[in-house]
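Colleague: Pasting in a structure now, in structure tokens, and then I'll have a few things to ask.
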Amino acid sequence: MREPQEKHVLAAAALAKKPLQNCMNRQKLEPETVVRECRVPLEEAKKGPCRRRGRGRGGKGNAVRALEAPLAVNIQLGPPVSSKGVTFPRRPGFGQLGTKCIVKANHFLAELPDKDLIQYDVTITPEVKAQSVNRAIMAELVRLYRESDLGMRLPAYDGKKSLYTAGLMPFSSKEFVVKLIEEDDGTGVTRETEFKVAIKFVARGNLHYLHQFLAGRQADAPRDTLKVLDIVLREISNQRYVMKSLHRYDDILVSDMSSTAFIEPLPVIEFVAQVLGKDISSRPLSDADRVKVKKALRGVKVEVTHRANVRRKYRISGITSQPTRELIFPVDDQMNMKSVVEYFQEVYGFTIQYPHLPCLQVGNQKKANYLPLEACKIVEGQRYSKRLNEKQITSLLKVTCQRPREQEMDILQTVQKNGYNQDPYAKEFGINISDKLSSVEARVLPAPWLKYHDAGKEKDCLPQVGQWNMMNKKMINGSTVNHWACINFSRSVQESTARSFCQELAQMCQVSGMQKMISSMDLFVDALQEFNREPVIPIYSARPDQVEKALKYVCNTALNKLKGKELELLLAILPDNNGCLYGDIKRICETDLGLITQCCLTKHVFKISKQYLANVSLKINVKMGGRNTVLLDALSCRIPQVSDIPTIIFGADVTHPENGEESSPSIAAVVASQDWPEVTKYAGLVCAQAHRQELIQDLYKTWHDPQRGTVTGGMIRELLISFRKATGQKPLRIIFYRDGVSEGQFYQVLLYELDAIRKACASLEPNYQPPVTFVVVQKRHHTRLFANNHKDRSSTDKSGNILPGTVVDNKICHPSEFDFYLCSHAGIQGTSRPAHYHVLWDENNFTADEMQSLTNNLCYTYARCTRSVSVVPPAYYAHLAAFRARFYMEPESQDNNSTSRNVNGGGSNCVKPLPALKEKVKRVMFYC
């Protein structure tokens with residue numbers, strides 16, 4: 001029974017966790033009996049081949065003894081192979097550091113029912129794939145049979161195979177007949193289809209384990225029960241929204257305002273002209289243009305306009321490689337052929353005006369089904385799921401951006417307007433939803449002191465409200481730039497303008513603390529000579545379509561002038577709208593020439609801003625191997641769990657191709673700190689892997705070499721080696737921040753990637769198993785935190801958002817596991833989104849304060865600006881590196897659907913590898 005006063009508010013992390021017990025009774029209609037799976041605590045699971053030794057918290061001996069096999073191929077270490085042997089770390093207490101305050105969260109308390117939750121299986125014949133049609137069938141069934149056969153039950157349906165009710169229906173199995181009247185797309189003709197719907201009892205839900213979980217007496221969320229509540233809450237929202245804005249976690253409702261872009265319902269020929277940014281009425285499309293158009297249109301629904309009142313709808317599968325005038329197709333079984341131009345003229349009296357353009361391919365690609373561009377219009381109301389360009393993002397933000405107070409009011413008004421407590425589904429299932437935001441205890445962590453070079457007027461700095469500037473400061477480790485050059489790809493920038501910009505930038509680099517390498521002879525002339533203000537060769541102007549030729553010309557010319565010495569830095573001035581030019585420069589320079597580059601847009605060259613130049617100098621410095629600032633506590637060895645023993649901090653992320661890209665690989669990136677105790681420099685590695693594969697495949701790998709036999713490698717191993725080369729010490733502790741993992745993938749990612757870390761360590765040295773802390777970083781959630789009093793300026797930043805450093809680890813977090821929300825940045829526009837951190841593995845025994853403080857402090861070391869950032873920098877850098885690596889793939893000029901295919905149905909995938917980064921590039925923060 002539910003305790004009368006028992007109320008909880010739980011956050012996102014808890015919901016999608018894989019359960020270790022089943023809370024649905026799959027016996028017949030008997031009293032609930034639950035068989036719980038045997039769970040092995042993590043510490044016990046590791047006994048055997050490995051054991052902990054040394055002193056408790058973070059001691060030097062705090063390592064795990066490895067198997068006696070330094071180069072074994074199939075090493076079984078550390079994590080168990082099944083989620084049944086894993087329990088995530090329990091919360092080590094609540095944090096105490098910082099100034100206490102109250103914030104409001106967009107979590108609304110939902111009191112849960114005492115009723116039984118019953119699950120039924122649904123089989124619809126003939127089978128329907130569209131969930132919208134399934135829902136229409138079920139809605140009609142409920143309308144017809146609720147008062148009779150369903151016993152007045154109002155079921156919640158997931159649109160697929162499952163139906164849920166609050167209490168039993170009068171049958172255990174029954175078949176219904178439902179007739180659905182559907183309108184044929186665009187023709188106006190209606191047809192009646194008969195469906196048979198079989199409903200069969202499956203299981204009885206038990207809320208006991210949910211209450212145990214919410215009380216912290218059970219580690220794992222009862223997923224089956226939560227799924228039922230989720231479907232019920234979504235059933236409530238389905239009646240109100242085109243795009244669902246309600247999300248649920250345990251006994252809360254998370255309400256957030258979401259925005260998205262929709263495709264403008266234009267004639268297709270106009271849409272194509274907009275995509276390409278040019279007139280297409282007179283010239284055929286190039287191969288590159290055709291590929292661009294195909295990416296933009298694939299999956300989009302269109303309606304025909306050449307058949308008077310008949311507006312039949314089709315989904316685009318591709319576009320033809322030939323122009324319309326060359327297309328022919330069989331018109332009968334005897335394979336008599338007819339051209340598309342002739343067919344449309346004879347059958348529809350439609351004269352094709354643009355026969356030089358390709359046709360749309362619609363429906364099944366195996367069967368020729370052509371539609372001319374000019375005979376189609378985009379159907380209204382389609383969500384645009386592909387990546388927006390910079391201009392589109394700016395436009396969307398102007399329309400949707402809301403200050404925190406406005407967003408809070410909108411959320412409250414939406415919840416109150418929806419009247420969930422009056423909703424028939426809420427009443428049916430006994431769910432009572434509060435209309436007030438949750439008040440949550442929070443703390444504002446102090447900002448860390450930052451260290452700059454002693455040569456500057458200000459040798460250290462305490463950021464104020466998440467930001468500071470470079471005035472009177474010099475980079476703590478300015479890099480050296482002897483030889484640089486500049487290429488101007490912008491027609492509108494004259495050579496004199498480009499020269500003036502370069503001189504201003506070089507001066508800013510000098511002022512900020514970068515230096516020019518000086519020889520012994522130079523010391524007698526000017527001991528304070530700094531960043532070389534003159535390029536090796538005069539600024540070279542080139543056309544964007546000659547990018548590779550221009551880059552190699554400048555490199556070779558500089559090489560000859562320098563008598564064998566290489567160019568160190570290349571500045572590139574780009575047009576504001578430069579298409580693939582930026583990506584081409586990065587690909588050629590970083591994987592072919594081994595050259596560090598800094599690109600600048602034309603608009604910044606004309607409008608020289610001191611702030612812009614300062615930010616660019618920060619980027620140049622770290623790309624050239626310098627440091628901008630470090631935590632003062634790092635230099636004085638006062639960072640818990642980092643300063644006591646050599647510690648390496650990893651960041652990892654996987655970026656996936658945009659929707660519609662069915663063959664492009666996913667890109668994984670891993671970065672790792674290369675300095676200790678500073679933990680500021682991060683080297684990065686990237687790799688391509690199978691399409692939409694989230695597990696990072698190249699963390700550790702082995703292969704057979706004819707000469708050397710079995711060889712071990714992978715990104716973790718390489719970065720551990722480079723750490724030792726850079727610091728002279730091997731890491732004795734590993735902290736791993738993993739970005740982009742959803743709750744449903746926690747177990748899978750942890751088991752696979754922690755195992756890879758273990759194997760990488762063991763491959764380097766016998767018994768080498770430094771303790772690992774594995775933390776998932778999440779930004780794609782709907783939790784928002786608001787100031788308790790928007791009028792109190794001391795509790796908000798300039799944008800009205802909560803103060804940077806605000807951390808929450810109670811009430812809206814997991815009841816027993818180690819997670820927290822941290823808003824580490826100051827808002828600029830809109831409502832800040834806190835990052836959610838969930839510790840999945842912790843052999844270093846972090847306290848809550850240690851983990852939260854370390855994460856917050858690292859956010860002040862981001863290299864590209866003088867602001868704290870919203871995500872811990874190692875994870876941020878991994879995201880940047882993965883995004884950069886997408887440019888390394890060869891430019892797509894032909895249709896190619898075989899880039900990434902599963903070879904044998906198992907874990908092995910044939911993916912074209914990315915071109916390797918040059919050694920000079922991967923040692924530095926090239927991705928900044």
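Colleague: Rank Ser317, Ser636 by accessible area, highest first, at a 1.4 Å probe radius?
Modeller: Ser636, Ser317
Colleague: Another one. Over the range 739-861, average the accessible area per residue using a 1.4 Å probe and give it in Å², no decimals.
Modeller: Computed with neighbouring chains in place, this is 26 Å² per residue.
Colleague: In vacuo Debye scattering of the range 602-661, one point per C-alpha: log10 I(q)/I(0) at q = 0.18, 0.29 Å⁻¹?
Modeller: -0.89, -1.13
Colleague: Turning to a different aspect of this structure: Going 7 Å from the Cα of Ile828 in the Cα-to-Cβ direction, what parts of the range 358-399 have a backbone nitrogen less than 12 Å from that spot?
Modeller: 394
Colleague: Could you give log10 I(q)/I(0) at q = 0.12, 0.26 Å⁻¹ for the range 373-427, computed by the Debye formula over C-alpha point scatterers of equal weight, without solvent?
Modeller: The Cα Debye sum returns log10 ratios of -0.60, -1.01.
Colleague: What would the Debye equation give as log₁₀ I(q)/I(0) for the range 682-811 at q = 0.10, 0.14, 0.17 Å⁻¹, counting only Cα atoms as equal point scatterers?
Modeller: Debye intensities relative to I(0), on a log10 scale: -0.50, -0.80, -1.00.
Colleague: If you add up the charges near Ile608, with Lys and Arg at +1 and Asp and Glu at -1, over every other residue whose beta carbon is less than 13 angstrom from its beta carbon, what do you get?
Modeller: Residues close to Ile608 contribute a combined charge of +3.
Colleague: Moving to a separate point now. Using 0.36 nm times the number of residues separating Lys160 and Gln745, minus their current alpha carbon distance, what extension gain do you get?
Modeller: In short, 208.4 nm is gained.
Colleague: Something else: Return one whole number: the accessible area per residue of the range 249-402 in Å², for a 1.4 Å probe.
Modeller: Each residue of the range 249-402 exposes 55 Å² on average to a 1.4 Å probe.
Colleague: A further question on this structure: Rg over Rh of the range 304-447, using C-alpha atoms and the Kirkwood radius, what does it come to?
Modeller: The Rg/Rh ratio comes out at 1.26.
Colleague: With each label point set 7 Å from Cα along the Cα-Cβ vector, what nm distance links Thr414 and Ser636?
Modeller: Modelled inter-label distance: 4.6 nm.
Colleague: If you average the C-alpha positions of the range 865-892 and of the range 158-173 separately, how far apart do those two centres end up, in angstrom?
Modeller: 47 Å
Colleague: Grab the Cα-Cα distance for Arg217 and Leu266, subtract it from 0.36 nm times how many residues apart they are, and report the gain in nm with one decimal.
Modeller: 11.9 nm
Colleague: Continuing with the same structure: Points 7 angstrom from Cα along the Cβ direction at Glu662 and Ser282: gap in nanometres?
Modeller: 3.7 nm
Colleague: Grab the eigenvalues of the alpha-carbon gyration tensor for the range 332-379, scale each by 5, take roots, and send me the semi-axes largest first in whole angstrom.
Modeller: Semi-axes from the Cα gyration tensor: 18, 16, 10 Å.
Colleague: Quick query: amide H of Ser438 versus all other amide H atoms, modeled in the peptide plane; which residues come in under 5 Å with a sequence gap of 5 or more or a different chain?
Modeller: Under 5 Å from the amide H of Ser438 lie the amide H atoms of Ala105, His107, each far enough along the sequence or on another chain.
Colleague: Normalised radius of gyration for the range 100-146, please: alpha carbon Rg relative to 2.2 N^0.38 Å, two decimal places.
Modeller: In units of the globular-protein estimate, the range 100-146 measures up at 2.00.
Colleague: With r as the distance between the Cβ atoms of Lys549 and Ser132 and R0 = 60 Å, compute the FRET efficiency 1/(1 + (r/R0)^6) and round to 0.05.
Modeller: Result of the calculation: an efficiency of 0.65.
Colleague: To continue, here is another question. Once all Cα-Cα distances of the range 635-685 are split into 5 Å bins that start at 0, what whole-number percent is in each one?
Modeller: Histogramming the range 635-685 at 5 Å steps yields 5, 19, 19, 14, 11, 10, 7, 7, 5, 3, 0 percent.
Colleague: Then there's this: At Thr305 and Lys391, where each label point lies 7 Å from the Cα along Cα→Cβ, what is the point-to-point distance in nanometres?
Modeller: Placing both labels 7 Å beyond Cα along the Cβ direction yields 2.1 nm.
Colleague: Given the range 425-515, what whole percent of its Cα pairs are spread farther than 21 Å?
Modeller: Considering the range 425-515, 63 percent of its Cα-Cα pairs are separated by more than 21 Å.
Colleague: Another question, if that's okay. Can you work out D for the range 823-896 in µm² s⁻¹ from Stokes-Einstein, where Rh is the Kirkwood radius over C-alpha pairs, the temperature is 20 °C and the viscosity is 1.002 mPa s?
Modeller: 143 µm²/s
Colleague: Can you compute 3J(HN,Hα) from phi for each residue in the range 163-175, using the Karplus curve 6.51 cos²θ - 1.76 cosθ + 1.60 with θ = phi - 60°, rounded to whole Hz and x for Gly and Pro?
Modeller: Each residue's phi maps through the Karplus curve to give 10, 10, 9, 8, x, 6, 8, x, 8, 9, 7, 7, 10 Hz.
Colleague: Another question about this same structure. With only alpha-carbon atoms counted, please give the Rg and Dmax of the range 673-741, in Å.
Modeller: According to the Cα coordinates of the range 673-741, Rg and Dmax are 14.3, 41 Å.
Colleague: Principal axis lengths of the range 730-795 from Cα atoms, whole Å, largest first?
Modeller: Principal extents (largest minus smallest coordinate, Cα): 60, 28, 11 Å.
Colleague: Sort out for me the Cα centre separation of the range 586-654 from the range 743-797, rounded to whole Å.
Modeller: 22 Å
Colleague: Work out, step by step, the length gained on full extension between Gln494 and Leu601: first 0.36 nm times the residue separation, then minus their alpha carbon distance; give nm to one decimal.
Modeller: In short, 37.1 nm is gained.
Colleague: With all protein chains present, calculate the accessible area of Arg204 using a 1.4 Å probe and round the result to the nearest 10 Å².
Modeller: Accessible area, nearest 10 Å²: 30 Å².
Colleague: Here's another thing I want to ask about it. Once the convex hull of the C-alpha atoms of the range 562-674 is built, how many Å³ does it hold per residue, rounded to a whole number?
Modeller: Here the figure is 205 Å³ per residue.
Colleague: Along the principal axes of its C-alpha atoms, what lengths does the range 369-496 span, in descending order and rounded to whole Å?
Modeller: 73, 61, 24
Colleague: Sticking with this one: Translational diffusion coefficient of the range 300-354 at 25 °C, 0.890 mPa s, Stokes-Einstein with Kirkwood Rh over Cα pairs, in µm²/s as a whole number.
Modeller: D = 191 µm²/s.
Colleague: OK, next. Rounded to the nearest 0.05, what FRET efficiency do Arg708 and Tyr384 have when you use their Cβ-Cβ distance and R0 = 51 Å?
Modeller: According to the calculation, E is roughly 0.50.
Colleague: What is the packing order of peptides 100-111, 414-425, taking the mean over residues of other C-beta atoms within 10 Å and listing the highest first?
Modeller: Answer by packing, highest mean first, reads 100-111, 414-425.
Colleague: How much FRET efficiency would the formula 1/(1 + (r/R0)^6) give for Glu406 and Ile102, where r is the Cβ-Cβ distance and R0 is 22 Å, rounded to 0.05?
Modeller: So the FRET efficiency works out to roughly 0.60.
The values are calculated or read from the model by the stated rules, or taken from the named source; none is laboratory data. As the structure is a computational prediction, the values presented were derived from the model and not from experiment. Glycine gets a Cβ as well: all are built from the backbone with ideal geometry, and neighbour counts include every protein chain shown. Note: accessible area is taken over every heavy atom of the protein model, side chains too, but ligands, DNA and RNA are not part of it. Shrake-Rupley method; radii C 1.70, N 1.55, O 1.52, S 1.80 Å.
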